[in-house]
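Engineer: My structure is below; once you've seen it, I'll send some questions.
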Amino acid sequence: MGRKLLLEKAQVEGIRNYDVYRREGGYRSVEKAFKEMSPDQITDEVKKSGLRGRGGAGFPAGMKWSFIAKPEGVPRHLVCNADESEPGTFKDRFLMEFIPHLLIEGLIVSSYALGSHLTYIYIRGEYSWIIDILETAIGEAKSNGWLGENILGTGFNLEIYIHRGAGAYICGEETALLESLEGKRGLPRIKPPFPAVKGVWDRPTVVNNVETLAAVVPIILMGGEEYAKIGVGKSTGTKLISACGNINKPGVYEIDMTISVEDFIYSDEYCGGIANGKKLKACIPGGSSVPILPANLLLKTAKGEKRIMNYESLSDGGFAKGSMMGSGGFIVLDEDQCVVKHTYTLARFYRHESCGQCSPCREGTGWMEKILKNIETGKGKMSDIDLLWDIQRRIEGNTICPLGDAAAWPVAAAIRHFRDEFEWHILNPEESQIRNYGLAHYADPLEPAVAAV
Amino acid sequence: MTNIFSPEKLARVKELISHYPEGKQKSAILPVLHLAQDNSGGWLSTETMDYVAELLHILPVEVYEVATFYSMYNMKPVGKYVFEVCQTGPCMINGSDEIIQYIQDTLNIKVGETSSDGLFTLKTVECLGACGYAPMMQLGKFYREHLTKEKVDAIIAECRKISAANN
Ligand SMILES: Cc1cc2nc3c(=O)[nH]c(=O)nc-3n(C[C@H](O)[C@H](O)[C@H](O)COP(=O)(O)O)c2cc1C
Ligand code: SF4
Ligand code: FES
């Protein structure tokens, strides 16, 4: 049984209510932080914990906090990123839905550390019932003295408000999110300046993911050093993984980052194996933007070692032979799935979500969708594969925000590892409409100890 | 200006504006548009958007710009019940295509259309953060997950029943 720090109490009956949450030890981190620690000490503990941002990029949270500018007389803000729209990702929703006070508690401590008196939760508009849950939790926290004026007699004031989005994946990108919070279209800004210097309304702003801010609670309670002892290397603490696709037990799991990918997929404690007795074909381990891997590269690293569910191991081998932890959206494809079709749905997603500011992204995502649709529906040409490769290369690295890369990588990885499946589609336009390419050789053992390219 | 909102709704707008610093009332545009859309049959007419602009003391064009950017705002009338079925990869591998087809056949409408009785609109949407409970759709405020043909039938019957009871 892995160690749980965030979801341990999520199943306690009535934990959504303040009284139960408090009885179970809730809000102790606020007491500890406000009574025993200075804002800088809190930031230090978060630094020591090694906590990496859980929204996808994995940037060290404590370091981000220490970058926040503190110009005299200018208010600072903390914004919680609850936009959660990366396909395969539904962990933040789970946390907010089942244990909302944990997020509120984390927000209070984090706001105190950063000096934010006005903190926002930017939540995707579709999660409307969760907004009600959070609003209730905020109301309860306030009436019990954890929010409002002069919290715990420290003189610290704080309000937390929910800002409801309205359907735009791009608003999860932090600068687009800030534009949206200002009441504008979600067009990413050019960085620098970074939000920590000029964020919402030109004020210094820290944007962190829901899970990142919730993790501040156990960090304060146990201390950064203790937290850092969980996990390995730079993958400290626990991570929420939302698992979906062709598995027996889809859902949200909290793992400590020492479990192998194989155990995560096949053990009864987690995914419970591939559904319907099928075989594993491929997996996108960290949300739709990260590279898809065939079964053989997924379970073992380029060095032939067992692949572990953590930042380092998932990215071992680079993009040639590895993937990424990303947002923890774990998408499993069984032997009956078509990689071409799956990639096409992702390309359509990115085309739909491109904000249109940069031409490589705007035009490139449209072309990729079109070409993939042609291949999928039996109208592709052999030259289309190289054309796709070429288009994704031209997007990657040539755009204002990382959505361009996020659109390019899934296509690149699909071609890199599943080229023969694309070719089969093109060479067998009729057959590919009635059956799938299947498992092919994707689960075959690889030659061990191949150096990463 | 003719008031589209009731006094209660206007009070809510005032409250929403108070969530943002002085002079930053434009920030309330997304939540106020949600309120406006819910208030006017699930879509935003030019008149409604102009009204929102007046409430927030901004130009109408600032509202149009924003409203057309975000996919949750409907720019044309929709049915009383909008089925928003997710079609992205993780839902697709769990059978969203068949669900979309089944709804089209059952209601005799295509994606983007509204049934002739004005009750149902079918939309396809991209990942709604319910990938582990696929296939799924959003219906009003809530998600309907683990969809099957039988569940779709039951949801349609449920909508018809509620609508008949309210008439
Ligand atoms: C296109 C795009 C979408 C993103 N969506 C999200 C999201 O939904 N939630 C999130 O927390 N971070 C998202 N991010 C990452 C944010 O830009 C930012 O890095 C993150 O919120 C920082 O928080 P963290 O350091 O705690 O992870 C997205 C980034 C990009 C480029
Ligand atoms: S990369 Fe795409 S989404 Fe990002 S700013 Fe450019 S056009 Fe917009
Ligand atoms: S892919 Fe349908 S909810 Fe995520």
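The values are calculated or read from the model by the stated rules, or taken from the named source; none is laboratory data. The structure presented is a predicted model; accordingly, all values stated were derived computationally and were not measured. Here the Cβ is made from the backbone with ideal geometry for all residues, glycine too, and neighbour counts use every protein chain on show.
Engineer: Grab the strands (runs of 3 or more DSSP E) fully contained in region B:71-167, keeping just those with 1 or more residues being away from chain A (no Cβ under 14 Å).
Structural biologist: B:81-86, B:120-125
Engineer: Now, a different point. In region B:66-73, is there at least one residue being at pLDDT 95 or above, over 30 Å from A:Asn246 (Cα atoms) and within 16 Å of ligand 1 (Cβ to nearest atom)?
Structural biologist: yes
Engineer: Given the conditions (1) away from chain B (no Cβ under 14 Å); (2) surrounded by fewer than 24 Cβ atoms within 10 Å (Cβ to Cβ); (3) part of a loop (DSSP other than H, G, I, E, B); (4) of a type in the set (Gly, Ala, Ser), report the number of the one that A:Gly356 does not fulfil.
Structural biologist: (1)
Engineer: Starting from region A:56-67, take each residue that is within 16 Å of ligand 3 (Cβ to nearest atom) and list its partners that are of a type in the set (D, E, K, R) and part of a loop (DSSP other than H, G, I, E, B), counting only C-beta distances under 9 angstrom and pairs at least six apart or across chains.
Structural biologist: Pairs found: A:Gly56/A:Glu86.
Engineer: Still on this structure, I have one more. Grab the helices (runs of 4 or more DSSP H) fully contained in region A:27-100, keeping just those with 3 or more residues being away from chain B (no Cβ under 14 Å) and within 14 Å of ligand 1 (Cβ to nearest atom).
Structural biologist: Answer list for region A:27-100: A:39-49, A:61-66.
Engineer: So which residues in region A:10-44 are out of contact with any Pro (no Cβ under 7 Å at 6 or more places or on another chain), surrounded by 13 or more Cβ atoms within 10 Å (Cβ to Cβ) and closer than 22 Å to A:Ile131 by Cβ, if there are any at all?
Structural biologist: A:Ala10, A:Ile15, A:Asn17, A:Tyr18, A:Val20, A:Tyr21, A:Gly26, A:Tyr27 - these are the residues of region A:10-44 that are out of contact with any Pro (no Cβ under 7 Å at 6 or more places or on another chain), surrounded by 13 or more Cβ atoms within 10 Å (Cβ to Cβ) and closer than 22 Å to A:Ile131 by Cβ.
Engineer: Hey, another quick one. Out of region A:266-297, which residues are more than 19 Å from the chain's Cα centre (by Cα), of a type in the set (A, V, I, L, M) and outside any strand (DSSP E or B)?
Structural biologist: A:Ala275, A:Ala295, A:Leu297
Engineer: Kindly indicate the residue of region A:134-173 that is part of a strand (DSSP E or B) and within 11 Å of chain B (Cβ to nearest Cβ) and also farthest from B:Gly129 (Cα to Cα) among those meeting that condition.
Structural biologist: Only one residue fits best here, namely A:Glu159.
Engineer: Another question, then. Go through (1) among the charged types (D, E, K, R); (2) more than 16 Å from ligand 2 (Cβ to nearest atom); (3) within 14 Å of another protein chain (Cβ to nearest Cβ); (4) surrounded by fewer than 23 Cβ atoms within 10 Å (Cβ to Cβ) for A:Glu211 and report which single condition fails.
Structural biologist: The one condition A:Glu211 does not meet is (4).
Engineer: Follow-up. Being more than 13 Å from chain B (Cβ to nearest Cβ), assigned to a helix (DSSP H, G or I) and of a type outside the set (Ser, Thr, Tyr) is the filter here, so list the residues in region A:174-196 that pass it.
Structural biologist: A:Glu174
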